[in-house]
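The values are calculated or read from the model by the stated rules, or taken from the named source; none is laboratory data. Values in this document were obtained by computation on a predicted structure and should not be read as measured data. All Cβ positions, even for glycine, are placed from backbone atoms using ideal geometry, and neighbour counts span all protein chains on display.
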Amino acid sequence: MTLLATPRLGQETVDAVDPVGPDSGGRRRLRWPFSRRYLLGRTVNAAIAVWAVLTIVFFALHLTGNPAVLLVSPDASRSDVERISAQLGFDKPLIVQYGIFLAQIAGGHFPASIRYGTDPLAIVLSRLPATLLLGGTGLVAGVLLGLTAGYWAAVGRNGRLRRVPVSILTAFEAVPSFFLSVVFIALFAITWPVLPIAGNDSPAALVLPATVIALALAAPIARVFRTSLTEVLDADHVRLAEAKGLSATTVTLRHVVVNSLAPVVNVVGVQAGVVLGGAVVTESVFSWPGVGQLATSAIASRDYPVVLASVTLIAVGFVLINLVVDAAAALLDPRGGRR
């Protein structure tokens, strides 16, 4: 492509297609992308979403039976069960229990854990660092793997081979996480005992569960990045940058890759929320002492307050992640303005 092949662009057109404006000094000008009205709307929606999740989980848990049955011996009398139920408030009608629960949440605290007898939120927060370590490691690895595969699929010179990485990642995506975890345990802990399979006593214990999470996240990131790169490569501002005589590296990094990241950021946000929720399975299989494993054991013992505290933390985390992702995507989008 030469200058003769490039149509003459007016200043208005240049501003529309070139993400770096004439008065920016060669740098992208970042603006706070959200208005107060938008933030208020998101806050209200977030509160409604968290309330809906807690309501669904509350009624689903209570439909499984009376947890007082698990707190007495197998040969306990009916009167013993009724006495424990009255002490814990489970003898009241379900709608009354729900109202009491909402009042407690509105007051800033959860009912005491049935199993531990203490604040369930404090118990959940004590497990949060382990979950963040595992989820963060898996997310970073999955993003890097997906971006690499997507970039290769879009710009690789060999038309056949460049599709292979994305195809492999898609195959891993189709395998359930629990099955992939079992396969990894069989290969790297039994057949070739080179990695630990339980706990978090050493950095090596992080490898297998983080790899399972990364492989589950990488495929959608790779596909979206490949599609976004393909569209941006044919955009007007890229042709204009090439016509200006900019180096291939500058054009690729500044005008192609950066402007292809906005849709990827949205996918990463969704995947980060999936990591929070999906950690329940991975942490349980690898005995990783995080929020997911705590929630699983709490469900088994019908410790409703701990389950509800875990769900609340995950729901709030998902909402906050999506708000941060919206901000990042709006900043990366050259056409994004205040919402």
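The residues listed here are Arg223, Arg239; of these, the one that is modelled with pLDDT under 75, surrounded by fewer than 21 Cβ atoms within 10 Å (Cβ to Cβ) and of a type outside the set (Ser, Thr, Tyr) is Arg239. Here region 150-184 is the region considered, the condition is being of a type in the set (Gly, Ala, Ser), over 12 Å from Leu217 (Cβ atoms) and not in a loop (DSSP other than H, G, I, E, B), and the residue that is modelled with the lowest pLDDT is Ala154.
Picking from residues in region 243-277 that are part of a helix (DSSP H, G or I) and of a type in the set (Ser, Thr, Tyr), the one that is modelled with the highest pLDDT is Ser260.
Scanning region 138-180 for residues that are of a type in the set (Val, Ile, Thr) and surrounded by 19 or more Cβ atoms within 10 Å (Cβ to Cβ) returns Val143, Val166.
Only residues that are assigned to a helix (DSSP H, G or I) and on the phi > 0 side of the Ramachandran plot were counted in region 278-307, giving 0.
A count restricted to region 75-121 and to residues that are surrounded by 18 or more Cβ atoms within 10 Å (Cβ to Cβ), closer than 19 Å to Ile314 by Cβ and of a type outside the set (A, V, I, L, M) stands at 5.
Say we look at region 112-149 and pick out the residues that are in a loop (DSSP other than H, G, I, E, B) and closer than 23 Å to Leu276 by Cα; which of these is modelled with the highest pLDDT?
In this case the residue turns out to be Asp119.
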